[in-house]
Amino acid sequence: MENEDQQNALLKSAIKHLLKPLMRFLIHKQITLATLMELVKSAYVEVAEKDFAIEGKAPTDSRINLLTGVHRKDVKRLRDLQETHKPSERLSISSLMLASWMSEAPFCKNGEPIALPKSGDKSFESLANQYSRQNIRATSIMENWLDMGWIEKNDAGLLTLKLERLQENQLSEDQLFFFAENLADHIATSTGNLSHSKKMFERAVFYNSLSKESILILKKSAKQQSMAVLKDLNKQALSMQKHDKSLSDSHYRFRLGSYFFTDLEDE
């Protein structure tokens, strides 16, 4: 019992520590505790309903209340208000276009996305039309990407992809969707490794006695090496997905992420 109490105390301490960056972000965005608690209740209810149901039985409000501690009146209200977190059609098209531009001929050469004309053969328009199927006009996508700084028009009128801008925090629909997706899958990996015997890959490198100069060198190296890995994996996965579409079991997904954190604030 004493060992269990100690583990619970350590778990609570770990949860508090991982919440602090999120709390800092929420305070900055003026999201109050009352708003957060409503979201927490809703997440508890959704997870209990979906992941802790007894086989062959529909989960009742009472069972969800027992599992989560959320009041039965709130359980009923929140079950009626559930929303699905999913990308818009435009965002899905954008993701596929970016993957193709960064890995497939004729839009990519020697592992680098090339500058594209607006229209015509081997153009931004032809790239967009591969995935939009005319549901969303290529011009609308281009204007949106120009506005977000994802692409630029050079002196020759060609559109160039600005890879560094794809990571900047603009709080667009795209950024917020992947903010949630990336962190959710990272937490799922970490909590799964704590809970299950089947482990998923999760590694990190950590040092805490480095100079500013060393941090800047490592940051540049980390970015270059990570981008090389992600580009290569993107190319493989895009090709495999096109092949696997006809298979009956082509419903599995994966995510590989990369980040570089430092407490150096002025760079």
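The values are calculated or read from the model by the stated rules, or taken from the named source; none is laboratory data. Small disclaimer: the values here were computed from a predicted structure and weren't measured. Neighbour counts run over all protein chains shown; Cβ positions are idealised from the backbone, glycine included.
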Note: among Asn182, Asn208, just one is surrounded by 13 or more Cβ atoms within 10 Å (Cβ to Cβ) and either modelled with pLDDT of 90 or more or closer than 30 Å to Lys12 by Cβ (or both), namely Asn182
Can you confirm whether segment 201-217 contains a residue that is within 30 Å of Cys108 (Cα to Cα), polar (S, T, N, Q) and free of Cβ contacts under 8 Å to residues at least 40 places away in the same chain?
no
Could you grab me the full set of residues in segment 56-75 that are part of a helix (DSSP H, G or I) and over 11 Å from Glu46 (Cα atoms)?
Asp61, Ser62, Arg63, Asn65, Leu66, Leu67, Arg72, Lys73, Asp74
If we scan segment 6-17, do we find a residue that is without any contact (Cβ under 8 Å) to a residue 60 or more places away in the chain, in contact with a helix residue (DSSP H, G or I) (Cβ under 7 Å, 6 or more places away or on another chain) and in a helix (DSSP H, G or I)?
no
Considering residues that are more than 30 Å from the chain's Cα centre (by Cα) and surrounded by 15 or more Cβ atoms within 10 Å (Cβ to Cβ), the number found within segment 53-64 is 2
Going by the structure shown, is Phe254 part of a loop (DSSP other than H, G, I, E, B) and more than 25 Å from Glu104 (Cβ to Cβ)?
no
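Condition check ((1) assigned to a loop (DSSP other than H, G, I, E, B); (2) under 24 Å from Ala228 (Cα atoms)) across all residues:
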{"position": "Ala105", "(1), (2)": "yes, yes"}
{"position": "Glu125", "(1), (2)": "no, no"}
{"position": "Asn129", "(1), (2)": "no, no"}
{"position": "Ile136", "(1), (2)": "yes, no"}
{"position": "Thr139", "(1), (2)": "no, no"}
{"position": "Trp145", "(1), (2)": "no, yes"}
{"position": "Gln175", "(1), (2)": "no, yes"}
Conditions: (1) polar (S, T, N, Q); (2) under 22 Å from Leu183 (Cβ atoms); (3) at pLDDT below 95. Thr60 meets all but one. Number of the miss?
(2)
The condition of being in contact with a strand residue (DSSP E or B) (Cβ under 8 Å, 6 or more places away or on another chain) and hydroxyl-bearing (Ser, Thr, Tyr) holds, among Thr160, Thr189, only for Thr160
Some residue of segment 108-120 being closer than 24 Å to Glu173 by Cα and out of contact with any strand residue (DSSP E or B) (no Cβ under 8 Å at 6 or more places or on another chain):
no
Taking the residues in segment 148-175 that are loosely packed, with under 13 Cβ neighbours inside 10 Å and of a type in the set (A, V, I, L, M) as candidates, determine which candidate is modelled with the lowest pLDDT.
Leu171
